[in-house]
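Each value in this text was obtained by applying a stated rule to the coordinates, not by laboratory testing. Note that the coordinates shown come from a computational prediction; the quantities given were computed from them, not determined experimentally.
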Amino acid sequence: MTDFTYPSSIPLHIPDNLTLPQFILDTHHPARVTKRLLSSPWLIEDATGRGMGFEEARHRVYGLANGLKLKYNVAEGQAVCLFTPNDIDYPILIWGIHRLGAIVTAANPAYSADELAYQLSTAKAVNLITHPDFLATAFAAAKKAGVPAERLIILDSAHPSRPSSPVPTVEEIIAYGLSQPTNFVERHLSPGEAKTKLAFLSFSSGTTGKPKAVAISHYAPIANVIQMAIHQEAKKEERIKPGDVALGALPFFHIYGLVVQMHFSIFCGMPLVVIPKFDYVRFLESLIKYRITHLFLVPPQVVLLCKHQATPKYDLSHVRFVMCGAAPLSAELTQEVIKVLPNAAIGQGYGMTETCTTVTMFSTKRKIAVFGSAGTPLPGTTLRVLKPDGTFGKVGEQGELLVHSPSNALRYANNEEATKETFLDGWVRTGDEVIIQEDGEVFIELLKVRGFQVAPAELEGHILQHPDVADTCVIGILDEYSGELPMAYVVLRPEAAKRAAISPAESEKFKASIIKAWFIFPGGITSN
């Protein structure tokens, strides 16, 4: 058996008695970068330039926690759902909810009412915080899930003085909480308790079936932030410099945006410029306006950097670091981005919701990472390669990646069967095929679309619901923009094939909503 680990003796010192806000707001860790922590903004609103520093953030977190307790009696162990685009107050919501011992479940703002209702029901959310633009969807989903309408809250930091609404705003709740005596007692965890106390229910497709609620402890994101800081040698003077700024263009509901982009940037003392919605030209303008030095991207954004006609109009020489994650980045595209960002260290990382983000990451000891590699294991992480015959692979052998890390999630909530398939005695079965080289570089061989894991079986289930489909098989194909896309092979029922029951218009509509490519096979599909 070959275990692949990070070649370092640097101790991690992961606190196991702190919640996430206690770690970020109340304590100091030896791996933390503190050069500009108190003097610079922690968060910057992209559209207005409004900054929020440490003291204001801490003050607002207290106000929110007190207000939620007073108005809604949010209790320890209950879940609150965030259904909103990125916002300067998004971290405040997370930390305020955690101050009460409650759980955050963040939802994709692109969800339909049915999709959101599923998450609300699965997480057993007691409150729903949303943006005004998504209020109709939020109301419909809340009704389906049995969340009372009076427990909806509006988040709109960009327009705090909107006309009054029967739905209370985050700003009003913070103000109310700050105006009243303290009505909650923040718990101090016992040694080891952070490893089991839930912080997030983050939804992931896993490898099969409907999205699952991944139960993530407070210890997991704390561990991952520390692991990345040590792996990146963040405390070295040449690594994080005065004036460095990170861009928050990835969605905060996604584990990559939540842990790497948000918490890692803040831990490293870099102000985070928060962008609510990605628009490429505005993205470029923000890079210039705020002199962004650190970018956390996904392949579609990298493609735009390399190929959009607007890119050459902007001087991006100040960008010093680019990490691409959530889906594979080709060697060809890496070579192109090197030309666009000549002063940047460029590479990839790999992780998933079930590992509370980063498992491997490129090292800045090399300016340009090994082409095609997802990096090397983070400190404290052990990897194994499980071959199809059930034995463990050695260097250069392909198989399924298994991960043992202090950042691993606990389980799938309320799903014992899926938990048994993925979480095995402290190890996470990723479902991703890899090859690990002698130097620890990991090469992923997987099906991810724009950073989201796609379950082929779920797509097959959707396709098979059509009355004219007899059989189907979904595979992944490479796509430069999305990383990968699902492709479906479809067998029609004999009577449907004869009468051409699926019209061109119906076919195109179905394909656009479910899959990228469509092939019809008259003879059938062979299953192994």
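Here are the numbers:
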item	result
In Å, descending, principal axis extents of the Cα set of the stretch 249-305	28, 22, 17
The stretch 1-133 pair-distance distribution - Cα-Cα, 10 Å bins, rounded %	10, 32, 31, 20, 6, 0
More than 20 Å apart - percent of Cα-Cα pairs taken over the stretch 273-377	36
Inter-centroid distance (Cα atoms) of the stretch 335-406 relative to the stretch 261-283, Å	23
Under-5 Å amide H pairs with GLU484, H placed in peptide plane, nonlocal only	LYS448, ARG450, ASP479
Full-stretch length increase - ASP133, GLU285 - with 0.36 nm per residue and alpha-carbon distance subtracted	52.3 nm
Rule-of-thumb Rg ratio for the stretch 53-188 [Cα; 2.2 N^0.38 Å; N residues]	0.97
Of LYS241/LYS313; LYS69/LYS143; LYS277/LYS420; LYS367/LYS420, pairs whose Cα-Cα distance is over 31 Å	LYS277/LYS420; LYS367/LYS420
Karplus (6.51, -1.76, 1.60) ³J(HN,Hα), θ = phi - 60°, over the stretch 174-189, in Hz, Gly and Pro reported as x	4, 4, 5, x, 6, 8, 10, x, 4, 10, 9, 10, 6, 6, 9, 6
